[in-house]
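To keep things clear, I will list the structure first and then write my remarks on it.
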Ligand SMILES: *Cc1c(COP(=O)(O)O)cnc(C)c1O
């Protein structure tokens with residue numbers, strides 16, 4: 001890439017959550033292989049992000065590439081209205097088999113946010129079909145569910161800046177974020193306010209929506225499995241649907257195949273995305289039970305009212321199917337466990353560092369919460385100079401590497417974080 005390309009990018013292309021007038025620098029990547037990103041200037045970076053939870057098998061994986069090539073030679077796309085194809089059937093067979101037993105009906109969509117829209121619409125249509133006016137959602141503070149409007153309406157009202165959308169977003173119910181951590185002893189008080197909200201508003205709540213166990217983009221917090229069990233019990237008692245947003249946590253990241261498995265519960269509606277295609281293409285899936293699906297289908301509308309143009313895209317389905325096949329061979333379990341051990345050994349002792357507020361690890365996720373927010377441009381440059389790709393936000397410096405990373409590469413990631421903590425110039429005033 002020439003400096004002219006970079007100038008064009010700066011002047012004309014939006015990146016996630018950036019300013020057009022004062023964009024942060026972008027690093028040109030020209031290829032990626034295994035756990036490495038190749039910069040245009042020849043430097044190689046060890047990837048600590050899996051491209052936001054997605055590239056679990058590493059980049060340029062021969063089996064994923066083969067699946068894409070084989071599918072491309074058949075057809076890259078065909079409409080899904082009135083047509084089906086082998087790639088979608090093979091993928092959905094695997095999804096139904098690997099997710100908790102009650103989830104049998106699959107809706108394929110384009111992105112995580114759309115999977116959440118679909119899940120919320122399913123819940124609304126379910127109650128409409130049952131002739132009950134239930135239109136509110138109950139969720140947790142510090143949650144994140146995506147950037148489209150319904151998804152935003154259930155994101156944390158403070159750090160997602162709901163005030164930007166005052167009067168535009170529907171007013172949903174927010175319980176406090178769970179306080180008992182994953183490894184803590186359980187305390188019933190943690191669920192009390194959630195239970196009270198449920199008690200008061202049950203008749204108007206269509207569904208609870210939450211990220212099971214790991215609250216991701218809203219703070220990288222790991223909460224107690226018992227909390228999730230209580231939520232399931234309360235939903236059953238009040239006949240409220242439970243939507244589990246496993247877009248980030250799905251497919252092994254937390255040490256279980258799905259985060260719901262830590263609590264041994266099944267949701268009524270499950271959202272999947274991110275790692276679904278092994279990080280190669282955008283695709284999401286919303287699964288639900290036969291009961292929910294039949295209720296919606298027997299309602300006044302007679303169908304579920306959603307159908308994206310690129311629904312069930314064959315290329316995306318084929319590569320997702322290959323990614324799930326790789327996953328189901330089972331190596332992820334040892335890989336994630338080894339990453340967890342090493343992250344614990346390397347990161348947890350940093351909790352006593354004066355710059356560190358908290359250090360926590362779950363599965364292949366390692367988090368350092370600093371006392372001061374990072375200086376984004378400075379810390380990004382520092383990490384790149386150290387030969388690693390780590391992208392913090394706010395006070396969170398975190399790792400979620402591809403499962404295939406080896407111990408030496410992982411050590412380079414944790415050492416880079418340790419080195420950054422000793423550099424006050426990489427942080428902003430608290
Ligand atoms: C990333 C994410 C989403 C949104 O997915 P997109 O593909 O970015 O639209 C929704 N929920 C959770 C928990 C996520 O981590």
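Taken together, the criteria exclude residue 196 from residues that are crowded, with 22+ Cβ neighbours inside 10 Å and part of a helix (DSSP H, G or I). The number of residues in the stretch 352-372 that are surrounded by 16 or more Cβ atoms within 10 Å (Cβ to Cβ) and either assigned to a loop (DSSP other than H, G, I, E, B) or at pLDDT below 95 (or both) comes to 3. If the condition is being over 24 Å from residue 335 (Cα atoms) and either under 25 Å from the mean Cα position of the chain (by Cα) or surrounded by 24 or more Cβ atoms within 10 Å (Cβ to Cβ) (or both), then the stretch 373-390 contributes 373, 374, 375, 376, 377, 379, 380, 383, 384.
Summed over the stretch 203-215, residues that are touching a strand residue (DSSP E or B) at 6+ places or on another chain (Cβ under 9 Å) and either within 30 Å of residue 394 (Cα to Cα) or surrounded by fewer than 23 Cβ atoms within 10 Å (Cβ to Cβ) (or both) total 9. Each residue in the stretch 232-265 was checked for being within 16 Å of the ligand (Cβ to nearest atom) and in contact with a strand residue (DSSP E or B) (Cβ under 7 Å, 6 or more places away or on another chain), and 13 pass.
Of the listed requirements (1) within 16 Å of the ligand (Cβ to nearest atom); (2) touching a helix residue (DSSP H, G or I) at 6+ places or on another chain (Cβ under 6 Å), residue 220 misses just one: (2). Pairing residues of the stretch 106-129 that are under 15 Å from residue 246 (Cβ atoms) with residues that are assigned to a loop (DSSP other than H, G, I, E, B) and more than 15 Å from the ligand (Cβ to nearest atom), at Cβ distances under 6 Å and at least 6 apart in sequence or on separate chains, gives 118/306.
Residue-wise test of (1) surrounded by 19 or more Cβ atoms within 10 Å (Cβ to Cβ); (2) part of a helix (DSSP H, G or I); (3) within 16 Å of the ligand (Cβ to nearest atom).
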{"residue": "87", "(1), (2), (3)": "yes, yes, no"}
{"residue": "104", "(1), (2), (3)": "no, no, no"}
{"residue": "143", "(1), (2), (3)": "yes, no, yes"}
{"residue": "150", "(1), (2), (3)": "yes, yes, yes"}
{"residue": "163", "(1), (2), (3)": "no, yes, no"}
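I'd like the full set of residues that are within 16 Å of the ligand (Cβ to nearest atom) and in contact with a strand residue (DSSP E or B) (Cβ under 8 Å, 6 or more places away or on another chain), limited to the stretch 118-141. Within the stretch 118-141, 118, 119, 120, 122, 123, 137, 139, 140, 141 qualify.
The values are calculated or read from the model by the stated rules, or taken from the named source; none is laboratory data. Small disclaimer: the values here were computed from a predicted structure and weren't measured. Heads up, the Cβs are rebuilt from the backbone with ideal geometry, glycines too, and the neighbour counts pull from every protein chain shown.
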